[in-house]
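Have a look at the structure below, then the notes.
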């Protein structure tokens, strides 16, 4: 990932974070809320090579740590999304056929978002945070998975187009 694309992706993530915190978080959906930021970030990570995925996961996690509603230690999301970025990029060959279509890619992003949320809860518990009722946490994770799968066909094609426009000729080859 070249420095210019890294800067553009970082600005895009900051803008998306502001939209998430000011608009999407205010929408009350049945079961639980929907994290557009997490879904788009994981889609962006899935489209990158190994180094870009890890760097994007770290930067996206740092941006997510800025959330005013988060009571977690600063850097918890950065750690989790860096590991998730590495795991996604390391296993790209095994899931490549599954994520070629928009629906399969949406299911993959939903599973990755659910795994990231579960890891966040697990790390929070290990760090001594009170995360509330276990069953309520399961409902929130399932609700986020459901809404990620439902809404992902709407943001995956524009995200693919935007990424293709930002690639340099060396990265396209």
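The values are calculated or read from the model by the stated rules, or taken from the named source; none is laboratory data. Not measured: the values here are computed from a predicted model. Glycine gets a Cβ as well: all are built from the backbone with ideal geometry, and neighbour counts include every protein chain shown.
Observations
The rows are residues; the columns are (1) modelled with pLDDT under 85; (2) surrounded by fewer than 17 Cβ atoms within 10 Å (Cβ to Cβ).
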residue	(1), (2)
114	no, no
121	no, no
130	yes, yes
146	no, no
150	no, yes
157	no, yes
161	no, yes
171	yes, yes
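- Test set (1) within 24 Å of residue 28 (Cα to Cα); (2) surrounded by fewer than 18 Cβ atoms within 10 Å (Cβ to Cβ); (3) in contact with a helix residue (DSSP H, G or I) (Cβ under 7 Å, 6 or more places away or on another chain) - residue 141 fails condition number: (2)
- Within the stretch 124-160, the set of residues being in contact (Cβ under 8 Å) with a residue 40 or more places away in the chain, within 13 Å of the chain's Cα centre (by Cα) and farther than 13 Å from residue 43 by Cβ comprises just one member, 144.
A quick yes/no check of all residues on (1) surrounded by fewer than 21 Cβ atoms within 10 Å (Cβ to Cβ); (2) under 28 Å from residue 104 (Cβ atoms); (3) at pLDDT 90 or above:
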| residue | (1), (2), (3) |
| --- | --- |
| 1 | yes, yes, no |
| 15 | yes, yes, yes |
| 22 | yes, no, yes |
| 29 | yes, yes, no |
| 32 | yes, yes, no |
| 37 | no, yes, yes |
| 44 | no, yes, yes |
| 73 | yes, no, no |
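- Selection count where residues are part of a helix (DSSP H, G or I) and within 18 Å of residue 79 (Cβ to Cβ), scope the stretch 124-137: 3
- Here is the figure for the stretch 64-123: residues that are in a loop (DSSP other than H, G, I, E, B), closer than 19 Å to residue 13 by Cβ and touching a residue at least 12 places away in the same chain (Cβ under 8 Å) total 6.
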